[in-house]
Structures are given as structure tokens and as C-alpha cells.
Amino acid sequence: MVRNGYKQTEVGVIPKDWEISELSEKARIIDSLHQTPKFCENGYSMVRVADIKPGDLCLDETLKVSDAVFEEFTRSYRPKRGDIVLSRVGSYGITSFVETDEPFCLGQNTVVIESRTLPRLLYYALNSGYVKQQIEDGSYGSGYKSLSLKNIKELIVVLPSTVSEQEKIAQALSDVDALIASLDKFIAKKRAIKTAAMQQLLTGKKRLPGFGECKDYKSTEIGLIPEDWDVSCLDLVTKLSSGTTPSRSQEDRYFRNGEYYWVKTTDLNNSQITTTEEKVTKAALEETCLQIYPSGTVLVAMYGGFNQIGRTGLIRVPAAVNQALVAIQAKPNKLDSEYLLTTLNYRVEHWKSVASSSRKDPNITSQDVKAFTLPLPVIEEQQAIATVLSDMDAEIAALEARLAKTQSIKQGMMQELLTGKIRLISE
């Protein structure tokens, strides 16, 4: 039953006084040239599909084109502040809002939308659930899907009939976007601070209170370190072993209704692991080489794709691990697990270099991990360093949780405000 003051439409229930129309009635849609130009080192920005991301358009990482190419690609229309750019192919249906006066042109498979109504509100409408569903329904092609110019023009949008209500909705959502942007920047700043702290603490350039007063430095194979630190390869201060992957042909016996955590490469988060995507059964432990590693074991990915190599995790629950991972158990009073995890994360490019330099297929081996050399303060200083960096991680994680919650709130607001379920009008 449709409540009083509302009406049923093809995109759902909306207020009776709201307008429903095709996008082409509320905006001019201009297609890009369907050709790829020659790029140059300096010049005008060209916005391609990869440059179109939710939020305000960012030109920082765009490819550049010459004056002549820019003039050719903007002959029919020159994008301006207040426009909306939309991707048609690949990551189709993604929009960015133009909040800049810097001139740019559009690459192929994109369109620019010149709004005839409040631009920011139209941008939010194009990101609403009911429009996203139309975009998905209107896409065509198998695998590499795309949107036709006709489908874009025929997208149905609903908007308040009064400018006042339009402005209030746009302002409310803009305020949330501003909060999200500020949180993003704050998180980036905190990450940069942590990276700087890692560089200082893990090389001994900065010593924590109570450690290393008036100590000098010495040259080693890994660079300059405090004179009271040692250097060791992992083989001397840890016990290493590789994981096992039970046969998938025994899916029901080894995996279905599993009760023991089983860590795969995709579970690695460069941080602490408290749960896994899959679990293995008791039969898998009894009939294969699987073993359960204790809490505190550090894991490193040896293969599974170049971007996965060197990823880490520190299990906080007893767990088995798959064959792509090496399990590292620190020897008591020699090496702190969290200090090791942080050191491995700080030196992740080391693994990329090893994986790509000497082998046909990018990977690292358990022997490479055994040979990994790291600086070793006394165990108490290792723990103090790990605690400082762990506290920074916790602060960043809290900010990220707050960001995720704010983004979720925004999605709920969009659903309510852009369909008129909640009205921002004066009584």
C-alpha cells in the first residue's frame, strides 16, 4: 500500500510532488571521441575510464595530451566545473563530479553530463540505488560490459520539484562527503606518520626511552645500526615450515563443516588474523601433512600472484596454513613475533625484488625466508618498538572503522533522501 502523499513509479515509491524524467530531459549528454590519441609528458589532462572514480574528479594521475589534441577532443564541448563525467566501458556507470576549473578533455568510452538542474544533486541521483540498478540492467556484452549512449540518456531520475528541497538534500549529502574526505586525509596522514616511525624505529635511528642512551652506531651488511644491536638471519632465531593444501577432490571430507582455522593467501592482511574464510576438518589433519600452528606464528606468502608475494599475517588463533605460505615461529627470548611482523611489512619490497630477479615464475622460497636478515635489539626493545607501532595501527584501524561507518550512513541517507522517504522541507 502506498502511503498518503506518495505515488508508485517505475523506480519505486516517491513523493507525489516529485518529478520523474529521463536523464536527457535534465541534462545534456556529450559523448567522447572514439579514438586514442598520442600522449605526451606535459600538456592538458585527458580523463580516461581509469581516472573516473566516485567523488570529485582528480586530475593528478591523468595522462597528458598536446594543445592540438586537446583542441580536437574539446571541439564539440569543453568540460567545466559542475559537470559530471561517466564511464561507459569496463568499470561502467562510475561518475565523478567536476569541482575544478583546470581544463581537461575526455578519452574514449566516457561521457560528460552537463546538468540543467542542480548539478550536485544530479550527481548524487546518478549514484543512487535505483539508477545503479538501471545501469546494471542496461549494460550489455559478456565479460567486458559497457553502456550505450542511448541507455545513458534514457536513465530515469527522480528529483524534488522545488529548488529549496533540492538544495537541502544536496547540502546534507555534501556535508557527509566532506566528513568522509576529511577522514580520508586524516587516515593518510596517520599512515605517513607510522611509515616515518617505522623507518626511524626499525633502523635504530630513533631509540625509545630506556634503550640505547649515548650508544654509537656500527656498519653492518644491512646498513648502519646501533652498536648494541645484533644482526641475524631468520634461520637462527626462528623455526620455519611450509603449509599444506588438502586435496580438493576430498572437499566433503577435508573442508565441509571444518572446525579448524585454515589460513590461505587471501586471508593475509599484513596484520593480526583472528578468523579465516575456510576451515578444515579433523580428517584433514589426520590424513594429510597439515599441522596446527600456535597463536603468535607469523606467515609469509611465497607465491599466489606478484601482488600477493611477501604479504604477511600474525595468527592470533591456532590454525593450519596452506602450501603457498611459510610459517615462522619465533624462538622465545630471541625474537618478538610482532616485531618480526612489523619488520617484514617494512621490508616488503625486498620480497618483490627476490621474486622477480632470478626465477621464471615470480615466487619466493622458504630458503629465501630463512636467509632474510634483520636487526635485533634486545627482546625488551623489540617489544617496546612493536607496541608503539601496534598502537599506531590500532588508531588507524579505529579511524578506518569510523570511515566505514560514515560511508554506510551516507548510503542509508542517499536511499532515504533521494527517494523522498525522508523529506527535508519546512513544515
Rounded to 10°, Cα long-axis angle of helix 129-138 versus longest principal axis of the chain: 90 degrees
Dipole of the chain, positive direction: furthest Cα of L155, S174, P119, with charges on the beta-carbon: L155
Accessible area, probe 1.4 Å, largest first, for residues C105, C214, C289: C214, C289, C105
In degrees, nearest ten, helix 163-201 long axis to first principal axis of the chain (Cα): 20 degrees
Mean Cβ neighbour count within 10 Å, used as a protection proxy, ranking 95-101, 227-233 highest first: 95-101, 227-233
Length gained when the stretch Q8-R253 is fully extended (0.36 nm per residue, less Cα-Cα span): 83.0 nm
Förster radius 25 Å - calculated FRET efficiency between S357 and E227, Cβ distance, rounded to 0.05: 0.20
Where Rh is the Kirkwood radius over Cα pairs, Rg/Rh for region 94-202: 1.10
Amide H contacts under 5 Å for S271, placed H, 5+ residues apart: L314
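Taking the Cα centre of region 1-96 as the origin, how large is its charge dipole in debye, to the nearest 20, when only Lys and Arg (+1) and Asp and Glu (-1) carry charge on their Cβ atoms?
Working: 14 positive and 15 negative charges, 49 e Å.
Rounded to the nearest 20 debye, it is 240 debye.
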Long-range HN-HN contacts of Q108 with modeled amide H, under 5 Å: Q35
Total lysine pairs whose alpha carbons fall under 19 Å of each other in region 277-402 (8 or more apart, or interchain): 4
Theoretical ellipticity at 222 nm over the chain - DSSP helices of four or more residues, -39500 (n - 2.57) apiece, nearest 500: -11000 deg cm²/dmol
Farthest positive-ward along the chain dipole, Cα basis, beta-carbon charges - from V65, L290, S76: L290
Cα-centre dipole for region 360-426 with unit charges at Cβ (Lys and Arg positive, Asp and Glu negative), debye to 20: 660 debye
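As a test of reading the structure, rank Y260, Y92 by solvent-accessible area (1.4 Å probe, protein chains only), most first. Show your work: numbers first, answer last.
Numbers: Y260 70, Y92 40 Å².
Descending order: Y260, Y92.
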Low-density loop positions, trypsin sites (Lys or Arg not before Pro), region 229-313 - DSSP coil, at most 15 other Cβ in 10 Å: R256
Relative contact order for the chain, counting Cα pairs under 8 Å that sit 6 or more residues apart, in percent: 15 percent
Size of electric dipole in the chain: Cβ of Lys, Arg +1 and of Asp, Glu -1, about Cα centre, debye, nearest 20: 440 debye
Rounded tilt (10° steps) of 379-417 against the dominant C-alpha axis of the chain: 20 degrees
Among T244, L202, Y217 - extreme Cα towards positive end, dipole of region 187-274, charges at beta-carbon: L202
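The values are calculated or read from the model by the stated rules, or taken from the named source; none is laboratory data. Source: prediction; values computed, not measured. Heads up, the Cβs are rebuilt from the backbone with ideal geometry, glycines too, and the neighbour counts pull from every protein chain shown. These accessible areas exclude ligands, DNA and RNA; they are computed on the full protein's heavy atoms, side chains included. Shrake-Rupley method; radii C 1.70, N 1.55, O 1.52, S 1.80 Å.
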